[in-house]
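The structure appears right after this line, and notes come after that.
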């Protein structure tokens, strides 16, 4: 693959909840099994014991229970009745059923009501530990999903409030930029939430590979929610300087992973070819993760939208050694080079190029490319290329941008960023 630098280029769970010890409710009308289970789990859980269903329901209403182990056959309320009541108190309580008298219909009924496991007495301690561990993991996954929902709603309310004060945010079209930046991560979030809901609702038990996929999906939802919150905090910082404090350093490969995730699900990528080449080393650039993701999203989406599918867009990250010769980059009819006032010429840097095989950029358009606002699209077909924002974000961190293009052969945008201190 030719270097894009060549001259003739043609590119959660809340902290308090996580810190507390999980609560395990053991319900059995025989003292021996109750005591044994407390001994087995006391180092991992706060263990609550109940000798009957009535006491169990009372404990569940007074204390937030994470996992319950129920004997099915008990005097008074059966284990199935207790299961039903517990799910009404908290639908995310994970329940493991125990019985010395296995019946297929009872097992089916318990699973229909939301029980996670159905084990026989005398129970195997290792199997019961694994069942409890898996049940707790699912409980926490559901909590994290609900937390993501709540944070999304909070963010949407925040955006609505800001958009409702349009005169206050007119400068720089801040409200419009927020909605533009949040569109892609929110699309990913909604897609993963739909996938997770389908996984959870169609299976009484999720384990093995399916459970690992669900955990991975939830982790990605959490990451995208955090990304959205970073974006909102940055824009709030524009309106209220001094309120936000985002570290100016990011692992480049981590942003490229997020970028690939977002672009692969974006409607503009349908029918197009997208490749991303990461850095060999774990390199940190001197820019916030949110800003770098915004820059690359703008450039990549412009490439994907530059012509009719199928298009090809390549994103290539490269290390730039010290004493690299930038003097060969000049402005012309097929090239433009923009630097910050204090661009650190001669310093080691990282370069990220976005190359497309679209129609290229006309010589008359190239000088106006980074004007804000500017668009080559017809009226009503977009709010602009976002390149004015890209220029601002890159020059703020003393970086540079190089554009090379050939009409009919495509364009390459290369962003040069200083390494993090």
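Computing FRET efficiency as 1/(1 + (r/R0)^6) for residue 249 and residue 275, where r is the C-beta to C-beta distance and R0 is 35 Å, gives about 0.85. Once the chain from residue 133 to residue 20 is taken as fully extended at 0.36 nm per residue, the excess over their C-alpha distance is 39.1 nm.
Only Cα sites of region 34-105 enter the Debye sum here, all with the same form factor; the resulting log10 I(q)/I(0) across q = 0.21, 0.24 1/Å is -0.95, -1.21, listed in q order. Fewest-first ordering of 133, 265 by other beta carbons within 10 Å of each residue's beta carbon gives 133, 265.
By other beta-carbon atoms within 10 Å, ranking 139, 312 with the fewest at the front produces 312, 139. Pair-distance distribution P(r) for region 280-339, from all Cα-Cα distances in 5 Å bins starting at 0: 4, 11, 14, 21, 24, 18, 7, 2, 0 percent.
If the segment from residue 368 to residue 406 were pulled out straight at 0.36 nm per residue, it would be longer than the present Cα-Cα gap by 12.0 nm. By other beta-carbon atoms within 10 Å, ranking 356, 90 with the fewest at the front produces 90, 356.
Every number in this text was worked out from the coordinates using simple rules, so none of it is lab data. Remember, predicted model here, so these are calculated numbers, not experimental data. Please note: Cβ atoms are built from the backbone with ideal geometry, for glycine as well, and neighbour counts cover all protein chains shown.
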